[in-house]
Amino acid sequence: MAPNIITERFDSWKEIALYLNKDVRTVQRWEKKGLPIHRQRQTGAIFAFKAEIDIWMTSEGAFLESDASEVEAPPAQPANGLDSLKQRPFDDVEVEIKEIDTPIDEEPSKRKKALTLAAALLIVAIGTFLIWKWISTATIPLPARVLVLPFENLSDDPKLDYLARGISDDVISSLAQLQSSKISVVERVTAARYEQKTVDQIGRDLRIDFVTKGTVKRQVDRVRINVQLVQVSDQTEVWANSYDDEIQSIPSASSRIAADLEHKLSDLLTPHQKSSNTSSPPRQARIGTKNSQAYDDFLHGRYFWSKRGVASMGKGMNYFKLAITEDPNFAAAYAGLADGLALLGSAQSGVLPPTKAFPEAKAAAEKALSLDDSLAEAHTSLAYISLVYDHHLGRAKQEFDRAIQLDPSYATAHQWLGLYYYAIGDTKSAIATVTRAKEQDSLSLAVNIALAEAYYFARDYAHAADQAIHPLLLRTTIWDART
C-alpha cells in the first residue's frame, strides 16, 4: 500500500520499509536507535510521519552506513523456496527464511531448557510482584479527600462575592496546612468548577469523601458564616456550625473553621486513614493579619488574580499593594504580589519587562518568607524565579521541595517543578510531578497544558495530543491556559 500523500503518514511497518527501501526487520531495529515511530494509545498500532523520518535519516546518515556494514548478508536459500518467497510481503519472507535457516537439533537443546527455566523464574517473579502490589495497596492508608465548594454570598450586595469566595479559599489553605498526611484538600480552581454540581456527581468525578459547603452574609459591621460538612457516600450532613463575627475578626474566621473541620474529619476517618503516617506534626493554621481592611484588600487581590487575565491580574496586584500599605507585615500579600509580577514578566505574557518584573517579584517573595517561612506559595514563587530568571537550578529545586513539604496539595508547586525537570532533561520525572499536580487540581487549564507539554518533550506525541485537546477546547486564551 502506498503512503498517504496528503498527510505524509505511514501506517504500517511495510509502508515505512518501502519508503526507506529496507526490510521490515531493519526498520524495526532502527526504532531502537531513535527512528521516530509512534503508537496509537488505544490499539497499539504503529505509524510514522515522512517529515520526521527524513529529518532523522539526515541526522543519522553516518550511523546508518556503519550499521548497514555490520549486518551480514542473509544466507543463500534453496532455489525452489527463494523463488516463491520473492513474491510475498516482507513479514512473511522473514518468517519463512528463519524457519528454513533453523537447524534441526539431533539432541535435546540446552538453549530450550535454559529458556524454559528463565520463563518459569519470570512467572514466579511476576506473581511475587503482583502479590506484593496487592498487599501494599491494601495496607497503605489513603488520606480522606475533601472538597471545599466556594461559599455562597447571601448579602444584599452582589459585589461582596469576593468576600464569600475569599473566605472559602482561606479555609482551603488553612485546612491543607493542618494535617496533610490524613486529609487531602482539592485545589480551589477545581472546587470552583464544581460549584453548580451535585454532591453525587462531585463524588463520582473526583473520588471525594467529604464536601464542605458554606454561606456568607454581611450586615453592616457583622458577618455570619454557615458551614456544612457532607459525607459523599450517603450524602448526609455529618456536621454544621455557624460563625457570627464582627467584620474586624474575619481574618481569623477561616482558621477557626478549618480547625473545627479538621477535628470533625478526624472523628470520621476510617481506621486505615487514622493510622496513616504522622511523622510531621499538624501545624496550627496561621492568621495572616489582624487588620480587617488589609484582609479585605487581600481577598480582592486574590479574587482578581485568580481570573488570570492581564487586566484582572493588574487589578489584583494593586489590591495586594493596598493590603501591604495597610499592614506592612502581611506575608500572604507579598506572596500574592510576587506571583503576579512573575507571571506578568514571564515569556508567556510579556506584559512587563523581565528585568523589571522578576527582581521585584523576587524581593516580594523573599520579604514574604522573612515574615512567614511556612508560606508554600512564597517558596513556590521564589523557586520559579530562581529557575526561569536567575537560572539557579540548585536553589530552585530546594525551594520547590520546601513548598511541597509545607503543602503537598499545592498544585502550582508540582506544576512548576515540572519546569525544573525539563531544564535538567529528566522528562520522566517531569511527567510524574505534573501528573501529581493534575491529581490535586484536575480542571486547572494551566496544569493540563503543562502535562501536555511534559508528554511532548518526552516525545510521547500520542499522549500529548490526547491531553492537549481538553484544556484547549475550554478557553481560547492560550496564555490564560499556560499560566
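We did not get these values from a lab; they are worked out from the coordinates using the rules stated. What you are looking at is a predicted structure, and each value in this text was computed from that prediction instead of being measured. We place every Cβ from the backbone using ideal geometry, glycine too, and count neighbours over all the protein chains shown.
Going by average Cβ neighbours within 10 Å, how do the peptides 28-35, 234-241, 453-460, 331-338 rank, with the highest at the top?
Working: 28-35: 14.5, 234-241: 12.4, 453-460: 18.5, 331-338: 27.5.
Peptide ranking by packing, descending: 331-338, 453-460, 28-35, 234-241.
Using the Karplus relation 6.51 cos²θ - 1.76 cosθ + 1.60 with θ = phi - 60°, the per-residue 3J(HN,Hα) values for the stretch 250-259 come to 4, x, 8, 5, 4, 5, 5, 4, 4, 4 Hz, with x marking Gly and Pro.
For ILE37, no residue has an amide H sitting under 5 Å from its own, ignoring neighbours fewer than 5 places away on the same chain, with H placed 1.01 Å from N.
Of the residues GLN405, SER429, PHE457, the one whose Cα sits farthest towards the positive end of the charge dipole of the stretch 292-482 is PHE457 (charges of +1 on Lys and Arg Cβ, -1 on Asp and Glu Cβ, taken about the Cα centre). Among THR190, THR325, the ranking by other beta carbons within 10 Å of each residue's beta carbon, starting with the fewest, stands as THR325, THR190. Sequence-ordered 3J(HN,Hα) estimates for the stretch 337-346 from the Karplus curve with 6.51, -1.76 and 1.60 and θ = phi - 60° stand at 5, 4, 4, x, 5, 5, 6, 6, x, 6 Hz, glycine and proline given as x. Amide H contacts under 5 Å for SER155: ARG218, restricted to partners 5 or more places along the chain or on a different chain, H placed in the peptide plane at 1.01 Å from N. Compute the Cα gyration tensor for the stretch 392-441, then decide on rounded, prolate or oblate, letting a ≥ b ≥ c be the square roots of its eigenvalues: rounded whenever a/c is under 1.5, prolate when a/b is larger than b/c in the other cases, and oblate in all that remain. It is oblate, given that a/c is not under 1.5 and a/b is not larger than b/c.
Compared with the alpha-carbon gap, the fully stretched path from SER429 to PHE457 is longer by 8.9 nm at 0.36 nm per residue. Close amide H pairs (under 5 Å, H built 1.01 Å from N) link VAL238 with LEU229, VAL230, GLN231, residues at least 5 positions away or on another chain.
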